[in-house]
Amino acid sequence: MKIAIMGAMPEEVAPILEKLGTYKTTKYANNEYYEATYNGVEVVVAYSKIGKVFSTLTASTMIQYFGCDRVLFSGVAGGINPSLKVGDLIVATKLSQHDLDITAFGHPFGFVPEGAVYVDADEEMIAMSKEVASDMGKTVQEGIIATGDQFVANEERKNWIGETFSADALEMEGASVAVVCDALDIPFFILRAISDVADMDASFSFDEFLETSAIISAEFIMKMLDKVIAK
Ligand code: ADE
């Protein structure tokens, strides 16, 4: 077993690296990868940089160059479902690209030929996350995450994404990581803590809560890591 733990931004992986202690840094493909052994299992940590392209590159590299056979993603998201408040956790059941649009050719939003509107996350790890939540005495919501190369700070756009994809939260990397893992048959788990609600105040809320929400997500991911290793 070799487990990849990804974030998009330094703030999202810093609390994970802190918990891992010592690690070896390898530079590859314009990024840094941090290799550690945790409870006897090899772990590779990296932040991809923001967006679908960079997260695709990092997820592919973690799997194909570093040989990871599971991917865990930890980070923050904008809430769409009004039940999600800043600091709440959401586990992705499936993910979609909200900015993928060839509707001009009669296709639905988020679809290209030979692709699919949604990619399903690994059911076994979703089930494990329920056990982790109960061990931690936490409530974790499951839901659909929509991904796009866009920081959404607009109520109208947020509502459109919510309605079009039945999405509960939005961010900028999950669906691309999902596409990579699905294509390479690698189980993946995408976790996000809410940093903002994608409205006109989103950028201020994001700046204020990025660090604390990233820590909430990272703490849960470390317990997920324990659970995955123990299984
Ligand atoms: N990640 C966290 N908040 C976000 C937002 N409002 N839009 C896109 N990605 C986000």
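Laid out as a table, the results:
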item	result
Rounded to whole Å, sorted largest first: equivalent-ellipsoid semi-axes of the chain, Cα gyration tensor	26, 20, 17
Per-peptide average of other Cβ atoms within 10 Å, ordering 7-14, 108-115 highest first	7-14, 108-115
20 °C / 1.002 mPa s Stokes-Einstein diffusion coefficient of the range 27-89, Kirkwood radius on C-alpha pairs, µm²/s	158 µm²/s
Amide H contacts of residue 172 (H built 1.01 Å from N, under 5 Å, at least 5 apart or other chain)	148
Cβ crowding within 10 Å averaged over residues, with 88-97, 129-138 ranked highest first	88-97, 129-138
Accessible area per residue in Å² at 1.4 Å probe, computed on the chain	44 Å²
Above-threshold pairs, the threshold being 19 Å between Cα atoms, out of 2/49; 130/223; 158/223; 49/130; 24/223	2/49; 158/223; 49/130; 24/223
Antiparallel bridges, percent of DSSP beta bridges restricted to the chain (to nearest 5)	35 percent
Estimated 222 nm signal from helices in the chain, with DSSP H stretches of n ≥ 4 weighted -39500 (n - 2.57), rounded to 500	-12500 deg cm²/dmol
Coordinate range along principal axes, alpha carbons of the range 132-174, Å, largest first	37, 19, 15
Inter-site label distance for residue 112 and residue 93 at 7 Å from Cα along Cβ, in nm	2.8 nm
Percent accessible area from carbon and sulfur atoms, the range 114-231, protein chains only, probe 1.4 Å	48 percent
Residues with amide H under 5 Å from that of residue 142, placed H, sequence gap 5 or more	91
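The values are calculated or read from the model by the stated rules, or taken from the named source; none is laboratory data. Because the structure is a prediction, the values reported are computed rather than measured. Note: ideal-geometry Cβ built from the backbone for every residue, glycine included; neighbour counts use all protein chains shown. To get the accessible areas, we keep the full protein, side chains included, count just its heavy atoms, and leave off ligands, DNA and RNA. Shrake-Rupley method; radii C 1.70, N 1.55, O 1.52, S 1.80 Å.
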